[in-house]
1. Among DSSP beta bridges lying fully in the stretch 212-371, give the percent that are antiparallel, nearest 5.
2. Report the local net charge at LEU306: Lys and Arg +1, Asp and Glu -1, summed over other residues whose C-beta lies under 13 Å from its C-beta.
3. By a straight-distance test (C-alpha under 16 Å), which aspartates and glutamates pair with LYS309 as possible cross-link partners, with residues fewer than eight away in the same chain excluded?
4. Under 25 °C and 0.890 mPa s, how fast does the stretch 123-261 diffuse according to Stokes-Einstein, given a Kirkwood radius computed over C-alpha pairs? Answer in µm²/s, whole number.
5. Want the number for LEU103 to ASP200: 0.36 nm per residue separation, take away the alpha-carbon distance, what's left?
6. Each residue of the stretch 185-194 in order: what ³J(HN,Hα) in whole Hz does its phi give by Karplus 6.51 cos²θ - 1.76 cosθ + 1.60, θ = phi - 60°, with x for Gly and Pro?
7. What pairs in LYS119/LYS334; LYS275/LYS310; LYS232/LYS355; LYS277/LYS310 have C-alpha atoms more than 22 Å from each other?
8. Sort the following peptides by mean Cβ neighbour count (other Cβ atoms within 10 Å, averaged over residues), highest first: 215-227, 306-318, 199-211.
Amino acid sequence: MSPSLFSFSPPKVWNMLGLGTLKEWLSNNSKRWLWVILVLAACLGVYRFFTLKLNITTPGPELQKSISIQHQHNPTVQPCVQHQEKPKAEPQTKSQRRIDVPLLTPWLAPIVWDGTFDKDILNEQFQDRNVTIGLTLFAIKKYVVFLKLFLETAEKYFMVGYKVNYYVFTDRPADVPKIPLQQGRKVITLVVQNYARWQDISMHRMEMISNFSHQHFFQEVDYLACMDVDMKFSDHLGVEILSSLFGTLHPGYYRAQPKSFSYERRPQSQAYIPKGKGDFYYAGGFFGGTVQQVYEMTKACHEAMLIDKKNNIEAVWHDESHLNKYLFLHKPTKVLSPEYLWDEQLLGRPAFLRKLRYVAVPKNHAEIRNK
Ligand code: UD2
């Protein structure tokens with residue numbers, strides 16, 4: 001540092017500030033200036049460190065603006081300095097966010113679990129659209145015994161607050177129980193033929209759903225949920241399931257590798273899926289979507305079963321095998337987790353299942369099937 005720098009400073013000012021000695025000391029050695037600058041810089045650094053850490057800077061114009069906007073919208077919101085704020089309770093869905101289960105398919109369709117959706121937001125969206133949901137269920141021959149519990153629990157948990165048409169396909173209309181229904185909900189009994197084998201009854205559901213689409217579903221409902229009757233509802237099951245086309249993960253295979261899925265493996269069947277192929281194993285007992293999508297799917301599955309019949313082959317798991325083939329070729333837009341179809345008696349209650357929404361009712365196969 002050149003001593004000439006001091007030459008223009010009025011000596012009186014230095015003396016008035018009592019810094020005369022300092023000036024003298026600095027004038028003696030130019031390197032001392034360097035030391036002073038370094039010490040000042042260090043002090044500034046320490047000051048900045050503490051002010052940022054404690055966040056005691058005054059809000060800038062942007063922050064002040066956002067505080068005043070918040071204030072106008074909600075008089076209860078107080079502007080606050082961050083370090084004084086208590087941690088806020090997070091919204092329910094955030095605090096329960098899932099990290100223990102897969103949430104997306106490889107084609108980016110959501111997999112629906114408890115903690116992945118906010119009921120209130122979804123209800124706002126769907127109630128505005130005034131949707132009606134159709135639920136198809138088959139109670140043929142002795143399976144009518146399951147209707148009462150199914151319908152009673154559905155009234156408690158299934159699409160509560162929405163218009164629902166229960167389409168009961170049966171050969172025994174007199175056995176359809178009359179249960180009290182919430183407003184906007186009705187049971188529509190559709191009389192259909194029965195078949196000798198339970199497998200045929202199960203498979204012909206695809207044909208009947210596609211046949212009745214034009215007579216009823218297209219005019220009467222927006223979405224269809226197609227469900228087994230030997231089940232009951234045990235927790236909320238609402239509009240979070242609705243999507244263009246949805247399937248449900250089979251409770252026995254939700255974590256299995258595709259090579260171990262019980263797909264139809266014989267190339268002679270229309271339901272054939274080669275080893276190593278496939279995404280998930282879906283349950284035959286719960287699928288759905290818009291009427292158009294369900295119509296296309298049930299029609300395609302029925303036609304595939306007709307071809308199999310002509311070729312003298314029946315897929316290993318009947319309609320379920322054909323459903324799996326269809327959903328392999330036409331990826332569903334939403335996948336329901338096993339919360340949406342579970343068998344507690346068979347599989348217990350693992351920790352990842354926070355809710356059981358639709359569960360199997362124990363049945364004695366020998367007693368109930370083909371009767
Ligand atoms: C599984 C599937 C089922 C179907 C079947 C094909 C689940 C929970 N279930 O069920 O959807 O794909 O495999 O093998 O994923 N039914 C009658 N009367 C009868 C027989 C059947 O109404 O005499 C109807 C009834 O709605 C029943 C459904 O067909 O829920 C399926 O039959 P199941 O439940 O006896 O077949 P299961 O348990 O093997």
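All of the numbers you see were taken from the coordinates with simple rules; none came from a lab. All values reported here derive from a predicted model rather than from experimental measurement. Glycine gets a Cβ as well: all are built from the backbone with ideal geometry, and neighbour counts include every protein chain shown.
1. Values: 12 of 17 bridges.
In the stretch 212-371, DSSP labels about 70 percent of beta bridges as antiparallel.
2. Details: positive: LYS299, LYS309, LYS310; negative: ASP200, GLU207, GLU303, ASP308, GLU314, ASP319.
Surrounding charge for LEU306 is -3.
3. Answer for LYS309, where 16 Å is the Cα cut-off: ASP200, GLU207, GLU264, ASP319, GLU320, listed by chain and number.
4. Working: Rh = 16.2 Å.
Estimated diffusion coefficient is 152 µm²/s.
5. Numbers: separation 97, 0.36 × 97 = 34.92 nm, distance 3.51 nm.
Here the segment from LEU103 to ASP200 would lengthen by 31.4 nm.
6. Here the 3J(HN,Hα) series is 10, 8, 9, 10, 8, 10, 7, 9, 7, 10 Hz.
7. Working: LYS119/LYS334 16 Å; LYS275/LYS310 25 Å; LYS232/LYS355 14 Å; LYS277/LYS310 26 Å.
Distance filter (> 22 Å) returns LYS275/LYS310; LYS277/LYS310.
8. Numbers: 215-227: 18.9, 306-318: 15.5, 199-211: 20.5.
Put in order of decreasing packing, that is 199-211, 215-227, 306-318.
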